[in-house]
Each structure stands twice: as structure tokens, then as C-alpha cells.
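Participant: Questions regarding the structure given below will be posed in turn.
The values are calculated or read from the model by the stated rules, or taken from the named source; none is laboratory data. All values reported here derive from a predicted model rather than from experimental measurement. Note that each Cβ is placed from the backbone with ideal geometry, even for glycine, and that neighbours are counted across all protein chains shown.
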Amino acid sequence: RKEVEQDPGPFNVPEGATVAFNCTYSNSASQSFFWYRQDCRKEPKLLMSVYSSGNEDGRFTAQLNRASQYISLLIRDSKLSDSATYLCVVNGGRGNFNKFYFGSGTKLNVKP
Amino acid sequence: EPEVTQTPSHQVTQMGQEVILRCVPISNHLYFYWYRQILGQKVEFLVSFYNNEISEKSEIFDDQFSVERPDGSNFTLKIRSTKLEDSAMYFCASSLQANYGYTFGSGTRLTVV
């Protein structure tokens with residue numbers, strides 16, 4: 001089983017739409033969770049950390065469900081500039097806290 | 001905003017040659033990493049480095065790979081004898097603390113011919 005799994009998409013949405021991505025992880029001992037975005041042929045950039053209580057940063061909301069081992073990202077009022085690949089990142093858990101596993105990413109296309 | 005700087009941005013090398021990829025992490029960061037991304041595939045962990053030693057490494061990081069922090073600012077990845085399948089984008093990253101989100105450099109595209 002892969003450490004981190006994501007729906008590859010693409011998600012094609014109009015500007016202003018709300019879109020949600022999910023990600024599942026396999027290691028119940030994982031403790032650190034992040035969402036990154038990656039533009040084509042560029043480096044990943046940290047979008048937000050994901051906390052157990054859930055957290056929000058402007059139009060972006062991240063949730064963690066430890067019982068079901070999934071993480072979600074909600075984007076409200078999508079902008080054209082949100083078009084990118086969104087990467088779910090999880091650390092390796094006990095003995096591998098400093099090793100992070102990336103999902104394959106979910107591609108988002110926001111259309112005018 | 002502080003940056004992680006990587007050089008060169010693109011390197012072409014012949015199979016069997018040694019390459020050194022260079023990185024300057026953010027100055028007050030303590031944890032350093034190398035990742036790679038083969039074109040069209042996911043980002044893969046290679047190695048983490050803290051307190052002048054490797055803290056974790058993946059199965060990809062075999063004897064052909066080594067890392068060094070020679071002078072307190074540079075962080076290098078050496079591939080001793082490159083193979084065609086080493087062709088990828090190599091990203092350096094750093095973080096202030098363990099379990100924190102990283103800052104990535106813009107990457108070195110390595111092409112082995």
C-alpha cells in the first residue's frame with residue numbers, strides 16, 4: 001500500500017467555485033501533515049500545515065481525520081492562480097519522523 | 001523572504017560520471033534534505049541531514065550517493081557514478097525544526113546521457 005494516496009484529477013472548475021481534495025495515508029503513527037502546491041516544472045511550495053483541530057488560511061481550509069487516516073483541503077472562491085498540482089505530504093511516523101512522503105498530487109485547473 | 005539556493009539549475013552529464021549538486025539552505029535552518037522528482041512522477045525522499053550527519057535515508061540513497069555540509073553554509077549531494085535512471089529534478093530543502101514544513105530550492109535538473 002502506498003504511504004500517501006491522492007486522486008490525480010484533474011479537477012476542472014470555474015472561477016469562484018469551491019473545490020475539495022482528499023488524501024489518505026497508511027501509517028497511523030504519522031504525526032506531521034502538510035499541503036504543498038507545485039506549479040509545472042517548479043519546486044513544491046508549502047501551502048499549509050494540517051493540525052488535528054483543523055486550520056484555515058484565507059480561502060484555504062485543511063482538516064485531519066486521524067481515525068480514518070485522511071487529510072482534506074478545501075479551496076473556496078477559486079482563482080485562476082490556484083491552478084496547480086496540490087501535494088499531500090505526511091511524515092513517516094515512529095523512527096521516520098524526519099522522512100516525508102509525498103502523494104502523487106491532485107491537479108486543479110481553474111477556468112475563467 | 002529567505003530562499004534555498006541551488007546550483008546549477010541544469011546539469012547534463014555522461015553515464016558513469018560523478019556529479020555534485022550544490023545547495024545553500026536558509027541560514028538559520030538546522031535540518032536539510034534532498035528529494036528528487038523524475039519527470040511526471042511524485043517527489044521522493046532521498047536523505048535528511050542534521051547536526052552534521054545523516055538522520056534518515058531512503059532505499060534510493062545507496063552507496064552511489066553521499067551528502068556533505070563542508071563549510072557551514074553549503075549542502076551538497078554527490079552521485080558517484082551516474083546512471084540513466086538518475087535523470088530527475090533534484091530538490092534541496094531546509095527547515096528550522098524537525099517536523100516543520102520545508103522550504104524547497106528551485107531544483108537542479110540532472111540529465112544523464
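Participant: Among the numbered criteria (1) in contact (Cβ under 8 Å) with a residue 40 or more places away in the chain; (2) surrounded by 12 or more Cβ atoms within 10 Å (Cβ to Cβ); (3) touching an Asp or Glu at 6+ places or on another chain (Cβ under 7 Å), which one does A:Met48 miss?
Facilitator: (1)
Participant: Could you list all residues from region B:23-61 that are in contact with a strand residue (DSSP E or B) (Cβ under 7 Å, 6 or more places away or on another chain), closer than 16 Å to B:Ser73 by Cα and assigned to a loop (DSSP other than H, G, I, E, B)?
Facilitator: Scanning region B:23-61 gives B:Pro25, B:Ile26, B:His29, B:Leu30.
Participant: Would you point out the residue of region A:86-112, among those that are part of a strand (DSSP E or B) and farther than 17 Å from A:Phe33 by Cα, that is nearest to the other protein chains (Cβ to nearest Cβ)?
Facilitator: If we take residues in region A:86-112 being part of a strand (DSSP E or B) and farther than 17 Å from A:Phe33 by Cα, then A:Lys107 is nearest to the other protein chains (Cβ to nearest Cβ).
Participant: Which one of A:Ser30, A:Ser52 is modelled with pLDDT under 95, more than 25 Å from B:Phe91 (Cβ to Cβ) and within 14 Å of chain B (Cβ to nearest Cβ)?
Facilitator: None of the others qualify; the one that does is A:Ser52.
Participant: Quick check on my filter: what residues within region A:1-58 are assigned to a loop (DSSP other than H, G, I, E, B) and hydrophobic (A, V, I, L, M, F, W, C)?
Facilitator: Those that are assigned to a loop (DSSP other than H, G, I, E, B) and hydrophobic (A, V, I, L, M, F, W, C): A:Ala17, A:Ala29, A:Cys40, A:Val50.
Participant: From the residues in region B:81-101 that are assigned to a loop (DSSP other than H, G, I, E, B) and away from chain A (no Cβ under 14 Å), which one is farthest from A:Trp35 (Cα to Cα)?
Facilitator: The extreme case among them is B:Ser81.
Participant: Specify which of the listed residues (A:Gln69, A:Gln6) is farther than 20 Å from B:Trp34 by Cα, in contact with a Phe, Trp or Tyr (Cβ under 8 Å, 6 or more places away or on another chain) and within 12 Å of another protein chain (Cβ to nearest Cβ).
Facilitator: Within the list A:Gln69, A:Gln6, the selection yields A:Gln6.
Participant: Answer yes or no as to whether A:Asn109 is among the polar types (S, T, N, Q) and farther than 19 Å from A:Glu15 by Cβ.
Facilitator: No: the conditions fail for A:Asn109.
Participant: Now for a different question. Does B:Gly16 count as at pLDDT 95 or above, away from every other protein chain (no Cβ under 11 Å) and out of contact with any strand residue (DSSP E or B) (no Cβ under 7 Å at 6 or more places or on another chain)?
Facilitator: yes
Participant: Same structure again: So which of A:Arg41, A:Arg37 is under 10 Å from the mean Cα position of the chain (by Cα), within 14 Å of another protein chain (Cβ to nearest Cβ) and of a type outside the set (A, V, I, L, M)?
Facilitator: Going through A:Arg41, A:Arg37 in turn, just one is under 10 Å from the mean Cα position of the chain (by Cα), within 14 Å of another protein chain (Cβ to nearest Cβ) and of a type outside the set (A, V, I, L, M): A:Arg37.
Participant: In region B:102-113, what residues are assigned to a loop (DSSP other than H, G, I, E, B), crowded, with 21+ Cβ neighbours inside 10 Å and among the hydroxyl-bearing types (Ser, Thr, Tyr)?
Facilitator: Listed by number, the list holds a single entry, B:Tyr102.
Participant: If you take the residues in region B:95-113 that are at pLDDT below 95 and small (Gly, Ala, Ser), which one is nearest to A:Tyr101 (Cα to Cα)?
Facilitator: Filtering first and then ranking leaves B:Gly101.
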